[in-house]
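The values are calculated or read from the model by the stated rules, or taken from the named source; none is laboratory data. The shown structure was predicted, so the numbers you read here are calculated from the model rather than taken from an experiment. Please note: Cβ atoms are built from the backbone with ideal geometry, for glycine as well, and neighbour counts cover all protein chains shown. Just so you know, the surface numbers come from the protein's heavy atoms only, side chains and all, with ligands and any DNA or RNA stripped out. Shrake-Rupley method; radii C 1.70, N 1.55, O 1.52, S 1.80 Å.
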Amino acid sequence: MHIFSIITNLRFQDVLDILFLSVLVYYLYLWFWGTKAFKALVGLLVLGVIFTLARFWGLFLTTWVFQILWQVLVVLIIILFQSEIRQVLEKVNPLQMISLRRFSKSADWIPNLVTTIFSLAKRKTGALIIFERADLVEELITGGVPLDSEPSPELLMSIFHKESPLHDGALLIRRGRIAKAACYLPLSSAEGLPKEWGIRHRAAEF
């Protein structure tokens, strides 16, 4: 009966409030899914449940410890997951929502790029290519040689040739142009990977 009375007394503002929080939680789940921050959020949720139960059962010492712990955790989360927090803030940027930053007005270069990639595959030549779209990848890469050129088949074949000084690393394509070559990405730390795998293989696995 108590729950029924709450439902019948819901205002339009209450329904709007619930819908807003539901959408917010859903998008936070999508943004953080598969990241290290998501595991931290799950851990914080478990700690929150324990804290709530401790207060409900009147566990004074446990409640006191958790109150101090929360203050430290907030600072640690900001320090450890500043990259993920910045990405979330960038995604809710109103300028990005109205699509002021576009990927490329023309996609004429894509068919030639696909043909070149298949040609590299037939020659068993490895190629790691990053296509930057809505999310900036600059903070994930290190090094790299600036190029700013069209992704022509001849240039791509030359870059990924085994004797080329730029073949080791990733190629960054931004707005339909080659922005950098020989970029280094975070490497996978997964166990059981083949020992013969090089930097590009481990970066692609990441």
Write out, first by first residue and then by second, each pair whose Cβ atoms fall under 6 Å of each other, whose residues are 6+ apart or on separate chains, and whose first residue, in the stretch 164-188, is farther than 21 Å from residue 112 by Cβ while the second is in a loop (DSSP other than H, G, I, E, B) and open to solvent by less than 10 Å² (accessible area, probe 1.4 Å).
182/169; 183/169; 184/169
Whichever residue in the stretch 40-80 is small (Gly, Ala, Ser) and touching a helix residue (DSSP H, G or I) at 6+ places or on another chain (Cβ under 8 Å) and, among such residues, is modelled with the highest pLDDT
54
Kindly check whether there is at least one residue in the stretch 51-58 that is within 26 Å of residue 82 (Cβ to Cβ) and either open to solvent by 100 Å² or more (accessible area, probe 1.4 Å) or in a helix (DSSP H, G or I) (or both).
yes
Members of the stretch 189-206 found to be outside any helix (DSSP H, G or I) and either modelled with pLDDT of 85 or more or closer than 26 Å to residue 115 by Cβ (or both), listed by number:
198
